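Q: The structure that follows is given in the form of structure tokens.
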Amino acid sequence: MSRYGAIWLAFFCWALYGCQAGERAAREGIELLHSGNAVSALDRFDRALAAQPNHPLALFGKGMILSRSEATRPLARRYLEAAIKRLPDPGLQTEAFVELLRIANLEQNSKTALQVYESALAEERLSVALFLEAYRMPPQKQIKVGDILLRGLTYFPQEVKLHLAYAEHLYRQEKKPGAAAAHLQAQIDNGLQDMQILFAAAEYYYFDKKIEKAIGLLSSAGAVYSSQLERMKLGNYSRGEEGEQNK
């Protein structure tokens, strides 16, 4: 092998090792980030970026961590924007859209917030967190916040948080406690027997001066709570029995 061939081979092996090391560090960083260990995750992302300056997972992860501090949010935005189109996992892309939207909301940048939201819709990177964050956007002429929540409910019709947010919107923004109660009552009638839904609907009936309906829902909430408590007790008893049998 010629001297140049040997140099080229050495460079190729060095680059390949660097790529593999960067990929491994970035994936370790993502696992650490999702487990709540931001300090160790940031160390892995820095290692990955030292080996591959444009590694999308490392850019994403470092952006997510830097976005937690007001001082580093502009840098976080640049990292996330650089990563978002190249992330291999649609779930991570959705997380990036949500975080970019959150940053725009914190900065009260209505134009950027709307652009991020519309891009997420166009890419079909949708989540409950995205619609809830979009609901917090600064006032927009092009879109009504209530419509954002209704659109979210077309994708996630059983999501309690979205139903509660929409009812709160009807009550606080549109001053319609009766409409808020009716919306939640419809979900209850459709089988969504959730404690938060029941209590919120009772509260809105109370604000709408429909006291009997409020009391009726509170009674239902108590029955649901008792049922859930009984199931928990039975579950604990069953696990205890299994433990005794395994001894």
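Every number in this text was worked out from the coordinates using simple rules, so none of it is lab data. In this text the structure is predicted, and so the values were computed from the model without any measurement. Quick reminder, even Gly has a Cβ in these numbers, built from the backbone with ideal geometry, and neighbours come from all protein chains shown.
Q: What's the FRET efficiency of residue 82 with residue 143 using the Cβ-Cβ distance as r and R₀ = 22 Å, to the nearest 0.05? Display every interim value, and only then the final one.
A: Details: r = 27 Å, r/R0 = 1.23.
Working from the Cβ atoms, E equals 0.20.
Q: What FRET efficiency would be calculated for the residue pair residue 175, residue 212, taking the C-beta separation as r and a Förster radius of 22 Å, to the nearest 0.05? Please list the in-between numbers first.
A: On the way: r = 22 Å, r/R0 = 1.02.
E between residue 175 and residue 212, to the nearest 0.05, is 0.45.
Q: How would you rank 199, 45, 131, 207, going from fewest to most other Cβ atoms within 10 Å of each one's own Cβ? If you can, show how the numbers build up before the last one.
A: Numbers: 199 18, 45 30, 131 26, 207 15.
Starting with the residue having the fewest Cβ neighbours, the order is 207, 199, 131, 45.
Q: Can I ask one more? Can you compute the FRET efficiency between residue 182 and residue 107 using 1/(1 + (r/R0)^6), with r the Cβ-Cβ distance and R0 = 41 Å? Round to the nearest 0.05. Kindly include the intermediate steps, with their values, before the conclusion.
A: Working: r = 36 Å, r/R0 = 0.89.
About 0.65, to the nearest 0.05.
Q: Which aspartates and glutamates have a Cα less than 15 Å from the Cα of residue 161, not counting those fewer than 8 places away in the same chain?
A: Counting by Cα, and skipping residues close in sequence, residue 161 has these aspartates and glutamates nearby: 133, 194.
Q: Distance cut-off 27 Å, Cα to Cα: go down the list 144/176; 85/111; 141/209; 62/111; 175/213; 176/213 and report the pairs above it.
A: Values: 144/176 16 Å; 85/111 20 Å; 141/209 33 Å; 62/111 25 Å; 175/213 19 Å; 176/213 16 Å.
Over 27 Å apart, Cα to Cα: 141/209.
Q: Ranking 119, 226, 127 by Cβ neighbours within 10 Å, fewest first, what do you get? Walk me through the intermediate numbers first.
A: Values: 119 15, 226 10, 127 18.
Going from least to most buried by this count: 226, 119, 127.
Q: Simple spin-label model, 7 Å along Cα-to-Cβ: residue 70 to residue 118 in nm?
A: 3.0
Q: Suppose each label sits 7 Å from its Cα in the direction of the beta carbon; what would the residue 23-residue 50 distance come out to in nanometres?
A: Result for the modelled spin labels: 2.1 nm.
Q: Also, quick follow-up: Calculate one ³J(HN,Hα) per residue across the stretch 116-121 by plugging θ = phi - 60° into the Karplus curve 6.51 cos²θ - 1.76 cosθ + 1.60, and present them in order as whole Hz with x for glycine and proline.
A: Rounded to whole hertz, the list is 5, 4, 5, 5, 4, 5.
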